[in-house]
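Step one of this worksheet: look at the structure below.
The values are calculated or read from the model by the stated rules, or taken from the named source; none is laboratory data. Bear in mind that the values here come from a model prediction, so they are computed numbers and not experimental data. Neighbour counts run over all protein chains shown; Cβ positions are idealised from the backbone, glycine included.
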Amino acid sequence: MDDSEEADVHVINTCTVTSRADHKARSLVRAVALRRPDEPVIVTGCSAETEAEALAALAENVVVVPQSAKARLLQAPAALARAREAGEPGVGALRAALAAGVGAVGAGAADPFALVAGELSFHTRAFLKIQDGCDCRCAYCRVPLARGTSVSLEPDEVVRRAVALEERGSAEIVLTGVNVSSWRSAEEGADGGRGLARLLERLLEATARVRFRITSLEPESISPQLVEAVSNPRICPHFHVPVQSGSDAVLARMRRRYRSQKVRDGVRALRDARGDPFIAADILVGFPGETPEDHARTVDLVRGLELAALHVFPFSPRPGTAAAGMAPPVPERVRRERAREVSALAAQLGAAYARRWVGLQVDVLLERGAGRRSPAGTGRGVSENYLKVAVRGIPPGEAVAGRIARTEITAADTVLSGNFIAFRP
């Protein structure tokens with residue numbers, strides 16, 4: 001926030017997955033708007049879709065742009081420039097320019113793939129959005145209310161954008177979406193992970209050196225075709241699987257499309273394909289009706305899969321979802337206790353995964369080189385299997401963000417340490 005004190009306009013992207021996310025968004029919007037009352041504060045994202053009126057009421061200088069109209073942010077710079085030239089308030093000009101055409105999700109909504117970064121200002125990894133929305137309608141999830149049904153960027157355009165990113169020098173492309181597993185070609189109508197598998201094959205054929213990272217894989221999408229596609233060494237061995245629970249009874253009440261055995265089979269298949277990949281998972285504890293036995297099954301599943309990281313959430317009733325009124329509720333105190341238990345287990349498993357890589361070699365994409373406070377010849381970055389690595393021994397002047405350094409891991413801590421071997425071409 002300190003770096004943005006002199007900004008002409010603030011843009012706050014919001015999330016509505018949990019009640020805490022909504023609360024944090026409102027607090028941040030209120031704080032920024034009150035601190036800079038004469039400057040516009042644009043609020044967009046999922047909370048802006050579902051809580052537009054509440055956010056707009058926080059301050060006079062708040063301009064709400066719902067998720068369904070997010071592409072209209074491309075008009076913001078020109079609108080603000082015109083207002084300043086005319087000596088008019090920027091808030092009014094932005095509200096007029098951005099409000100036109102705002103409607104319900106899926107009803108005349110703007111192109112969800114229109115926002116394309118011309119250059120990377122803050123990231124060494126490039127992000128390529130290939131999918132938006134979700135058709136799953138899980139009982140606890142509010143995201144479909146904010147993002148609508150699943151839509152996919154056509155394969156020719158995905159490939160074109162990926163090739164352009166590689167030609168601009170990107171060493172890694174992260175394929176993003178609300179539910180990437182549901183990507184499908186309009187012509188093929190593919191599903192169940194087969195469409196994504198074919199897309200990965202096309203991307204690998206069309207590019208020469210860039211590596212690809214997948215943000216998330218639903219358990220039911222881990223098909224033999226997808227496993228074969230991700231076995232390619234240019235697909236990062238880093239997979240995030242939204243598991244949610246190890247109890248089949250809870251998964252059924254959640255309206256998830258798989259059961260615990262499918263999770264075990266999927267993780268085993270990914271391991272068979274990639275050795276010891278970094279596998280993370282979402283875990284939702286304290287869902288209505290979750291018994292101590294249900295929770296124990298989740299703990300056993302997590303421990304047995306030896307997952308490398310977990311995103312743990314205590315259940316949060318969300319307005320408009322089927323689970324909001326489900327009974328019996330799990331007391332908040334119990335939800336938090338279960339979240340702490342699983343989080344502690346996650347820390348143990350994460351440390352064990354890091355230790356397994358000591359003495360082995362990884363390819364680290366440098367995110368920053370040696371700074372004024374860092375020793376010369378050092379840099380930090382992320383390996384293909386999502387290990388945070390501090391690299392030593394880089395030739396003088398060569399620790400450049402965006403380069404991939406072959407590195408031997410020498411010690412495992414919060415940030416792993418490694419010795420530089422060579423740069424990848």
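So in segment 249-270, with the set limited to residues that are free of Cβ contacts under 8 Å to residues at least 24 places away in the same chain and surrounded by fewer than 23 Cβ atoms within 10 Å (Cβ to Cβ), which one is nearest to ARG318 (Cα to Cα)?
Among those residues, the one meeting the criterion is ALA252.
Could you say which residue among LEU387, LEU416 is aliphatic (A, V, I, L, M) and within 21 Å of the chain's Cα centre (by Cα)?
That would be LEU387, the only listed residue that is aliphatic (A, V, I, L, M) and within 21 Å of the chain's Cα centre (by Cα).
Please state which one of ALA411, ALA376, ALA405, ALA390 is at pLDDT below 85 and either touching a Pro at 6+ places or on another chain (Cβ under 6 Å) or not basic (Lys, Arg) (or both).
Selected residue: ALA376, the only one of ALA411, ALA376, ALA405, ALA390 that is at pLDDT below 85 and either touching a Pro at 6+ places or on another chain (Cβ under 6 Å) or not basic (Lys, Arg) (or both).
Condition test on GLY92, is it at pLDDT below 90, in a helix (DSSP H, G or I) and outside the structural domain of CYS141 (by TED's automatic domain parsing)?
Yes: the conditions hold for GLY92.
What is the residue count in segment 412-425 for residues that are in contact with a helix residue (DSSP H, G or I) (Cβ under 9 Å, 6 or more places away or on another chain) and basic (Lys, Arg)?
0
For the structure I just gave you, tell me whether LEU204 is out of contact with any Gly (no Cβ under 6 Å at 6 or more places or on another chain) and buried (at least 23 other Cβ atoms within 10 Å of the Cβ).
no
Would you point out which residue out of VAL267, VAL263 is out of contact with any Lys or Arg (no Cβ under 9 Å at 6 or more places or on another chain) and closer than 18 Å to GLU228 by Cβ? Show your work before the answer.
Details: VAL263 fails: closer than 18 Å to GLU228 by Cβ.
Within the list VAL267, VAL263, the selection yields VAL267.
Specify the residue that is surrounded by the most Cβ atoms within 10 Å (Cβ to Cβ); the eligible residues are those in segment 167-185 that are assigned to a helix (DSSP H, G or I) and within 21 Å of the chain's Cα centre (by Cα).
In this case the residue turns out to be SER181.
Considering only segment 286-302, state which residues are polar (S, T, N, Q) and loosely packed, with under 15 Cβ neighbours inside 10 Å.
Within segment 286-302, THR291 is the sole residue that qualifies.
When segment 1-23 is examined, which residues are found to be among the polar types (S, T, N, Q), surrounded by fewer than 18 Cβ atoms within 10 Å (Cβ to Cβ) and modelled with pLDDT of 90 or more?
Within segment 1-23, ASN13 is the sole residue that qualifies.
Of the residues ILE409, ILE394, which is within 27 Å of ALA273 (Cβ to Cβ) and out of contact with any helix residue (DSSP H, G or I) (no Cβ under 7 Å at 6 or more places or on another chain)? Explain how you work it out, then say what you get.
Values: ILE394 fails: within 27 Å of ALA273 (Cβ to Cβ).
Criteria check complete, one pass: ILE409.
Does GLY325 qualify as being among the small types (Gly, Ala, Ser), in the same structural domain as ARG264 (by TED's automatic domain parsing) and more than 28 Å from ALA411 (Cβ to Cβ)? Outline the logic, then answer.
Numbers: among the small types (Gly, Ala, Ser): yes; in the same structural domain as ARG264 (by TED's automatic domain parsing): yes; more than 28 Å from ALA411 (Cβ to Cβ): yes.
Spelling it out, GLY325 is indeed among the small types (Gly, Ala, Ser), in the same structural domain as ARG264 (by TED's automatic domain parsing) and more than 28 Å from ALA411 (Cβ to Cβ).
Only one of (1) over 26 Å from the mean Cα position of the chain (by Cα); (2) part of a strand (DSSP E or B) fails for VAL43. Which number is that?
Going through the list (1) over 26 Å from the mean Cα position of the chain (by Cα); (2) part of a strand (DSSP E or B), VAL43 breaks only (1).
Give segment 100-125 a look and list any residue that's over 30 Å from GLU367 (Cα atoms) and modelled with pLDDT of 65 or more, or say none.
If the condition is that a residue be over 30 Å from GLU367 (Cα atoms) and modelled with pLDDT of 65 or more, then ALA110, ASP111 are the ones that fit.
Any idea which of VAL362, VAL358, VAL330 is among the β-branched types (Val, Ile, Thr), at pLDDT 95 or above and either within 11 Å of GLY286 (Cα to Cα) or in contact with a Pro (Cβ under 9 Å, 6 or more places away or on another chain) (or both)?
VAL330
Considering segment 221-276 alone, what residues qualify as being touching a Ser or Thr at 6+ places or on another chain (Cβ under 6 Å) and assigned to a strand (DSSP E or B)?
HIS240
Among the residues of segment 301-357, write down those that are among the polar types (S, T, N, Q) and part of a loop (DSSP other than H, G, I, E, B).
SER316, THR321
Report yes if ARG30 is among the basic types (Lys, Arg), surrounded by fewer than 22 Cβ atoms within 10 Å (Cβ to Cβ) and at pLDDT below 90, otherwise no.
No.
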